[in-house]
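Right, one structure below, let's go through it.
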Amino acid sequence: MDRMRYLVDTLNKWAYEYYVQDAPSVTDREYDALYDELRALERDTGVRLPDSPTRRVGGEPVKAFARHRHIAPLFSLDKAVTEDELSAFITRVKKVDPAAVFTVEYKFDGLTMCLTYSKGRFERATTRGNGTEGEDVTAQALTVRSFPLSIPYEGTLEVRGEAIIRLSVLEEYNRAHSDEPLKNARNAAAGAIRNLDPKVTAARRPEILFYDINYMSDAPVASQREALERLKEWGFQTFPYLRVCASFDEVRAAVDEIEVNRKSLDVLTDGAVIKTDAEDVRRRMGHTDKFPRWAIAYKFEAEEAEATVEKVVWQVGRTGKLTPLAFISPVELAGATVRRATLNNFGDLTRKDVKVGSRVMVRRSNEVIPEILGAVSHAEGSVPVQKPAFCPACGAPVRETGANLFCTNRACPPRIVQKLTHYCSKNAADIEGLSEATLALLQKERGVCSFSDLYALTKESFAGLEGFRAKKISNLLSAIDASRRMPLERFLYAIGIEGIGRVAARDLAAFGSVEAVAALSFDELVALENIGDVTANAIIHYFADEENRAELARLRQAGVQPVSAARVTQGAFAGENVVLTGGLASMSRPEAQKKIEELGGTAQSSVTRKTTLVVAGTDAGSKLERARSLGIRVIGEEEFLSMLGEGAAQP
Ligand SMILES: [Zn+2]
């Protein structure tokens, strides 16, 4: 028996070195010799130790998977697809513990698994299933070598990991099975584990990357960092990447890093997982019926490509912030040719080490301008970007605050144009036709410099300006007029209070009016889920500012009366997030959006996971495809009209 114990321990150690550490200390032949000896010994004695590597063959095909209940539920993660959502998550955690730190890891795209251990022995592997109950895939999992059959921990333990197939393994497999190649690594991994015949599982060579302890019967770990340490100690394969971040900026930097590096990874990934590190903060935050509140998955939906930086110029934003804009070698991204990409601020440029001449990774997603994620390499003779001392647009001195540079001139022309452009944008006042170029023209030629100036525009204002025909002018003026009754949350977003994104604006809009928001105290503001100290101060500062108060009064005088969404909670579209795609025969898109909002719905510009309904007109494009792939309800124009109650009015 001593010999058998020795053989099992030695073979397990070698397997660990080979499969987990990727550092074999013996040749395959030495391993095979000992393995054969063990097999013979087991045959002769009729004894097999519970952690014998011969169990790894997985056994005979099973008829069906037994169901098995997890000891603790395996939650899935809430998802963020925009930076706004990511930032809101960080704020929520910081409200519970201002000193909270976050771990950032890769999100692997495979099949989630749960492995149970008891008294130091591997007992069972199950799929995540519905989170409460999964399928028993012990025989299949046993063919995977990247986890231990025995561990030093003596209590009951459930660990969580992702079954994956490496891209190189998939490629190799497909070369050998060219008659029936596996299309993608995720389905291949899921199909391998959920195959009734463990031999099929073994042939596809899946691995499991472990990333969490789901349950421990005693002395639970105090943090995510500790969980990963323990997993490693016990011999589980973990992925060698972990960032510990204290702020949104650091989290964002880690997410960017993952987005760049995942391209060269041998494992399929579809995002980053951000978790609150400390267990006590997690406990205080708890979970909804679906998700833990203390973690989020940031999903990459954008497209990326490499390009060369040709030059960098500085743009003045609506707050006076100078943003480096890179001109890049043209690159095709998400169906468009991209020639320019932003770096967020001076600090971002420095941190990402972007120089003129660098090869960089560029990302483009639906709603955001193309962005440089990081430098991939530097050509010889690459030149660092100089920090400007004066505003390149107006020559005023530049002020440096943290990672940002600001033009100190409130009347800086591009700053005014940006402020107006933001105000007129789709998610704000939604004034179609007032593009950045038009606003720049109106600023230069007509001295338009505030929101209220927009409402003073008349037909005559456009006389003598090139490219404005009667029809265009009247469309423009009616779009401006329509914005007088924009939803309150859009107005609060439109006026450009620092730190107020669409999420926070929605929270504020619940107070019913601009006046009510202006009257909120610091304590009342920070009590809101998505507003932290800095933003609360910015809001108070905004409404205390004389110039801002005068402008709000002028807007009121001009008839701008934002509509409180709280009034519209009933109607055919109540609670629906609606996306319009393609053309409607009966009305224009802004008209349709207005009707949706009047009937309690929210009109969205692009399909996100929050979208609940898509109205597809003629020539509906990629939005429709995306909606279908997400399983979102799609209706045609006829059904849309009947929801509006106008179906009968059609001839
Ligand atoms: Zn300036």
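Please work out whether region 79-299 counts as rounded, prolate or oblate from its C-alpha gyration tensor, where a ≥ b ≥ c are the square roots of the eigenvalues and a/c under 1.5 means rounded, while otherwise a/b larger than b/c means prolate and anything else oblate?
On the way: a/c = 2.10, a/b = 1.33, b/c = 1.57.
Oblate.
So for the chain, averaging the separation of alpha carbon pairs under 8 Å that are six or more residues apart and normalising by length, what relative contact order in percent results? Can you show the working numbers first?
Working: 1187 pairs, mean separation 61.5, N = 651.
Worked out over the chain, it gives 9 percent.
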For the chain, with +1 on Lys and Arg beta carbons and -1 on Asp and Glu, the positive-most of T238, G575, S52 along the dipole: G575
Part-to-part distance (alpha-carbon centres) for region 376-451 and region 73-103, which is given in Å: 31 Å
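Above 15 angstrom, tally the Cα pairs of region 227-277 and express them as a % of all pairs, no decimals.
I get 53 percent for the Cα pairs in region 227-277 exceeding 15 Å.
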Whole-number D in µm² s⁻¹ for region 303-406, Kirkwood Cα-pair radius fed into Stokes-Einstein, 20 °C, 1.002 mPa s: 154 µm²/s
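Would you mind working out the magnitude of the charge dipole of region 303-406 relative to its Cα centre, with +1 at each Lys and Arg C-beta and -1 at each Asp and Glu C-beta, to the nearest 20 Debye?
Numbers: 13 positive and 11 negative charges, 77 e Å.
My answer is approximately 380 debye.
Could you tell me what percent of the accessible area of region 568-649 is made up of carbon and sulfur, with a 1.4 Å probe and every protein chain present?
Values: 1920 of 4060 Å².
For region 568-649, the apolar C and S fraction of the accessible surface comes to 47 percent.
In region 451-557, carbon and sulfur make up what percent of the accessible area (probe 1.4 Å)? The partial results should precede the final answer.
Details: 2760 of 5490 Å².
About 50 percent, which is the carbon plus sulfur part of the accessible surface.
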Alpha carbon centroid spacing (whole Å) that separates region 571-638 from region 186-216: 39 Å
Karplus-derived HN-Hα couplings along region 415-432 (A = 6.51, B = -1.76, C = 1.60, θ = phi - 60°), whole Hz, x at Gly and Pro: 5, 5, 4, 5, 4, 5, 4, 4, 4, 7, 5, 4, 7, 10, 6, 6, 9, 5
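Would you count, across region 368-495, every pair of lysines whose alpha carbons are under 18 angstrom apart, provided the pair is eight or more residues apart or spans two chains?
4
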Amide H contacts of E576 (H built 1.01 Å from N, under 5 Å, at least 5 apart or other chain): T602
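Roughly how many Å² is the accessible area per residue of the chain, as a whole number, for a 1.4 Å probe? Walk me through the intermediate numbers first.
On the way: 31200 Å² over 651 residues.
So the chain comes to 48 Å² accessible per residue, rounded to a whole number.
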Signed unit charges on C-beta, dipole axis of the chain, positive-most listed residue A40, L228, Y16: L228
Whole-Å distance, taken between Cα centres, linking region 1-67 and region 223-274: 31 Å
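How big is D, in µm² s⁻¹, for region 553-617 by Stokes-Einstein at 4 °C and 1.567 mPa s if Rh is the Kirkwood radius over C-alpha pairs?
Values: Rh = 12.9 Å.
Diffusion coefficient, whole number: 100 µm²/s.
In Å, the Kirkwood hydrodynamic radius of region 177-294 over pairs of distinct alpha carbons?
Values: mean 1/r = 0.0583 Å⁻¹.
Evaluated over region 177-294, this radius sits at 17.2 Å.
Mind putting a number on the dipole of region 79-299 about its Cα centre? Charges go on the C-beta only, +1 for Lys and Arg and -1 for Asp and Glu, and I need it in Debye to the nearest 20. Don't jump to the answer; show the numbers that get you there.
Values: 33 positive and 35 negative charges, 34 e Å.
Magnitude of the dipole: close to 160 debye.
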Contact order relative to length of region 303-406, as percent, for alpha carbon pairs under 8 angstrom and 6 or more apart: 27 percent
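May I ask you to give the average projected area over all directions of the convex hull of the Cα atoms of region 413-557, in nm² rounded to one decimal? Could the numbers behind the result be given before it?
Numbers: hull surface 33.5 nm².
Approximately 8.4 nm², given one-decimal rounding.
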Long-range amide H partners of L405 with built H, under 5 Å: L322, F346
Estimated 222 nm signal from helices in the chain, with DSSP H stretches of n ≥ 4 weighted -39500 (n - 2.57), rounded to 500: -10000 deg cm²/dmol
Top positive-direction residue, dipole computed over region 443-536 with Cβ charges, set I497, F511, L465: L465
Within the chain: Cβ-based charge dipole about Cα centre, in debye rounded to nearest 20 (Lys, Arg +1; Asp, Glu -1): 840 debye
Surface accessible to a 1.4 Å probe, T288 within the full protein complex, Å²: 50 Å²
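For a test of the definition: using alpha carbon positions, the gyration tensor, and the 1.5 limit on a/c, classify region 310-353 as rounded, prolate or oblate. Don't skip to the answer; put the middle values down first.
Working: a/c = 2.28, a/b = 1.66, b/c = 1.37.
Because a/c hits 1.5 or more and a/b exceeds b/c, region 310-353 counts as prolate.
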Ellipsoid semi-axes in whole angstrom, largest first, where each is sqrt(5λ) of the Cα gyration tensor of the chain: 54, 28, 25
Built amide H within the under 5 Å cut-off of R124, gap 5+: T116
Using a Förster distance of 60 Å, the FRET efficiency for A510-Q21 (Cβ separation, nearest 0.05): 0.65
Region 434-488 shape via C-alpha gyration tensor axes, a/c threshold 1.5: oblate
Counting DSSP beta bridges with both ends in region 79-299, the antiparallel % (nearest 5): 95 percent
20 Å Cα-Cα reach of K13 towards lysines, excluding residues that sit fewer than 8 places from it in its own chain: K119, K232
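The values are calculated or read from the model by the stated rules, or taken from the named source; none is laboratory data. Remember, predicted model here, so these are calculated numbers, not experimental data. With ideal geometry, Cβ positions are generated from the backbone for all residues, glycine too; neighbour counts draw on all protein chains shown. Accessible surface is based on the protein model in full, side chains and every heavy atom, while ligands, DNA and RNA are left aside. Shrake-Rupley method; radii C 1.70, N 1.55, O 1.52, S 1.80 Å.
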